[in-house]
Amino acid sequence: MRTTDLVGTALANTMRSKLRTFLTVIAIVIGAFTLTLTTGLGAGINKYVDNMVEGFGAPDEMTVTKQADMGSGFSMGGAPSEYDPEGASSGEMFGMPLLTGKDLETIRDAEHVTAVETARLVEPEFIEGADGRQWAVPFMGASYEIGTLSMAAGREPAEDAAEVTVPTDWVEALGGTEPEDVLGQTVTLVAADPLGEQSGMEAEVVGVTEAVASGSGAGPVPSRAVEDRLHEIQTAGLPEEQRDTYFSATVTVEGMPENEAAVQAALAEQGYSAQTLEDQLGVIRGIIDAVTWVLNGFALIALLAASFGIINTLLMAVQERTREIGLMKALGMTGGRIFGLFTLEAVMIGLLGSLIGIGLGVAVGLTANALLTQGALSGVTGLVLYAVEPLSLLLIALLILAIAFLAGTLPAARAARKDPIEALRYE
């Protein structure tokens, strides 16, 4: 019997007892469906995290902060330590040390560091439009977002110019109906000094932004010049060591990722902590992958149960077709061919279950993703709950076929070992 005839016969034999085959296939469908859904869910959430990473920076960048001195009065409880005026630092915020201009020079001198960028954190009291109306600023962007913005109209601010972008939500408030309507408009950004004295500066609206998954462009984004001026207003009258401070610095490292460990070690010796985007998001990815593997474990249990269904189905088939097996052997069919016939029947059942299960999983996943991201979760920009990865789907199908093949070997081996004389006498 040729291989093509063997495949055709296996398919025909699989359809002999339709109800029994259907019930066996259903068990495989459940496992394939669950595996497809959970794998796609993990891929979708990881894709969302990747979208956020793209908005936060480049792969060759690190975020550097100053390490807290855990032995200098820093404690999560217990008896208080004596105050040391010589050791007290004014360069702190929320108990965390801030970077100074001197720190930036030290970081810049580190080997493999090619650039150091910082941004001031400013909070204007309000922004005044061309018509004199004043608008509160619930969220103010920063100049480090420039280069990651998604523009609905116009362009990003130039570093040394008095320019700013506004999000699409601000268009109507500034008197426009389309993003292009507010381009070129002059607005006044007003900030207050530590004593509450307000002062402002004018800036030109040069762009309108759309929010991305990382949050960039969700609020007005100033140029470096505007940011520096607002920072001067907010820190007027403060000592210089408090004015010239930064929460963190973004450094560009040559030869990433090969030089990543060397730069981190060198900065750690100087009292700084350096993390890549992957370092910062590693915990999130770990949790997502762990949950995905747990859910995949339940799917694999379902497939294991389905494999016993395949064994039972084929054992019954071997029993029912004993005389047929004897006849095939009497006509010259080898034990190897009979083994191949029954394992092919098992593979056919696995193939049918995997195609239906994977198809249903993809359909349900994509539909749920569309309904949720465009409905209840539409406010989460760039959210992806389910993603199709062809390679993962192929691996799921191959896994199911392998399980089906292994499950079919026991009944197939029993059929191949049957004595043709005894099989022909079987009633």
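Mind listing just one residue for me: the one in the stretch 229-253 that is among the hydrophobic types (A, V, I, L, M, F, W, C) and crowded, with 18+ Cβ neighbours inside 10 Å and, of those, nearest to residue 59 (Cα to Cα)?
253
Is it the case, given these coordinates, that residue 155 is charged (D, E, K, R), surrounded by 18 or more Cβ atoms within 10 Å (Cβ to Cβ) and in contact (Cβ under 8 Å) with a residue 12 or more places away in the chain?
No, not satisfied.
If only one of 110, 136 is open to solvent by less than 50 Å² (accessible area, probe 1.4 Å) and either out of contact with any strand residue (DSSP E or B) (no Cβ under 9 Å at 6 or more places or on another chain) or modelled with pLDDT of 85 or more (or both), which one is it?
110
Select from the stretch 324-339 the residues that are part of a helix (DSSP H, G or I), of a type outside the set (Val, Ile, Thr) and out of contact with any Leu (no Cβ under 6 Å at 6 or more places or on another chain) and list them in ascending order.
Listed by number, the residues that qualify are 324, 327, 328, 329, 330, 335, 336, 337, 339.
For the stretch 139-163, which residues satisfy the criterion of being within 20 Å of residue 116 (Cβ to Cβ), in contact with a strand residue (DSSP E or B) (Cβ under 7 Å, 6 or more places away or on another chain) and not aliphatic (A, V, I, L, M)?
143, 144, 145
Among (1) within 45 Å of the chain's Cα centre (by Cα); (2) open to solvent by 60 Å² or more (accessible area, probe 1.4 Å), where does residue 323 come up short?
Unmet for residue 323, out of (1) within 45 Å of the chain's Cα centre (by Cα); (2) open to solvent by 60 Å² or more (accessible area, probe 1.4 Å): (1).
Residue 168 versus (1) out of contact with any helix residue (DSSP H, G or I) (no Cβ under 8 Å at 6 or more places or on another chain); (2) open to solvent by 30 Å² or more (accessible area, probe 1.4 Å): which is the lone unmet condition?
For residue 168, the failing item is (1).
Picking from 306, 363, 299, which residue would you name as being at pLDDT 85 or above and part of a helix (DSSP H, G or I)?
Of 306, 363, 299, the one residue that is at pLDDT 85 or above and part of a helix (DSSP H, G or I) is 363.
Of (1) more than 26 Å from residue 23 (Cα to Cα); (2) in contact (Cβ under 8 Å) with a residue 60 or more places away in the chain, residue 362 satisfies all except one. Which?
Result: residue 362 passes all but (1).
Write out, first by first residue and then by second, each pair whose Cβ atoms fall under 8 Å of each other, whose residues are 6+ apart or on separate chains, and whose first residue, in the stretch 383-396, is open to solvent by less than 30 Å² (accessible area, probe 1.4 Å) while the second is among the basic types (Lys, Arg) and assigned to a helix (DSSP H, G or I).
As it stands, the answer is 384/47; 387/47, since those pairs meet every condition given.
Within the stretch 329-344, is there a residue that is over 27 Å from residue 29 (Cβ atoms), aliphatic (A, V, I, L, M) and open to solvent by 40 Å² or more (accessible area, probe 1.4 Å)?
Yes, the conditions are met somewhere in the stretch 329-344.
Go through (1) in contact with a Phe, Trp or Tyr (Cβ under 7 Å, 6 or more places away or on another chain); (2) of a type in the set (A, V, I, L, M, F, W, C); (3) in a helix (DSSP H, G or I) one by one and return the number of the condition residue 383 breaks.
(3) is the only condition that residue 383 fails.
What pairs can you find where one residue is in the stretch 188-200 and within 17 Å of residue 239 (Cα to Cα), the other is in a strand (DSSP E or B) and not acidic (Asp, Glu), and their Cβ atoms are less than 9 Å apart, with a gap of 6+ or different chains?
Between residues of the stretch 188-200 that are within 17 Å of residue 239 (Cα to Cα) and residues that are in a strand (DSSP E or B) and not acidic (Asp, Glu), the close pairs are 192/198; 192/199; 193/199.
Which members of the stretch 174-184 meet the condition of being assigned to a loop (DSSP other than H, G, I, E, B) and open to solvent by 30 Å² or more (accessible area, probe 1.4 Å)?
175, 177, 178, 183, 184 - these are the residues of the stretch 174-184 that are assigned to a loop (DSSP other than H, G, I, E, B) and open to solvent by 30 Å² or more (accessible area, probe 1.4 Å).
Which of the residues that make up the stretch 366-382 are among the hydrophobic types (A, V, I, L, M, F, W, C) and either in contact with a Lys or Arg (Cβ under 7 Å, 6 or more places away or on another chain) or at pLDDT 90 or above (or both)?
Correct list: 366 only.
Suppose the filter is more than 35 Å from the chain's Cα centre (by Cα) and open to solvent by 20 Å² or more (accessible area, probe 1.4 Å); does residue 193 pass it?
Yes; evaluated as a whole, the condition is true for this residue.
Go over the candidates 290, 262 one by one and state the one that is outside any loop (DSSP other than H, G, I, E, B), touching a His at 6+ places or on another chain (Cβ under 7 Å) and among the hydrophobic types (A, V, I, L, M, F, W, C).
262
Is it the case that some residue within the stretch 202-224 is open to solvent by 20 Å² or more (accessible area, probe 1.4 Å), closer than 27 Å to residue 65 by Cβ and not in a loop (DSSP other than H, G, I, E, B)?
yes
The values are calculated or read from the model by the stated rules, or taken from the named source; none is laboratory data. Predicted model only: the values in this text are computed from it and were never measured. Glycine gets a Cβ as well: all are built from the backbone with ideal geometry, and neighbour counts include every protein chain shown. Quick note on the areas: whole protein, heavy atoms, side chains included, nothing else; ligands and nucleic acids left out. Shrake-Rupley method; radii C 1.70, N 1.55, O 1.52, S 1.80 Å.
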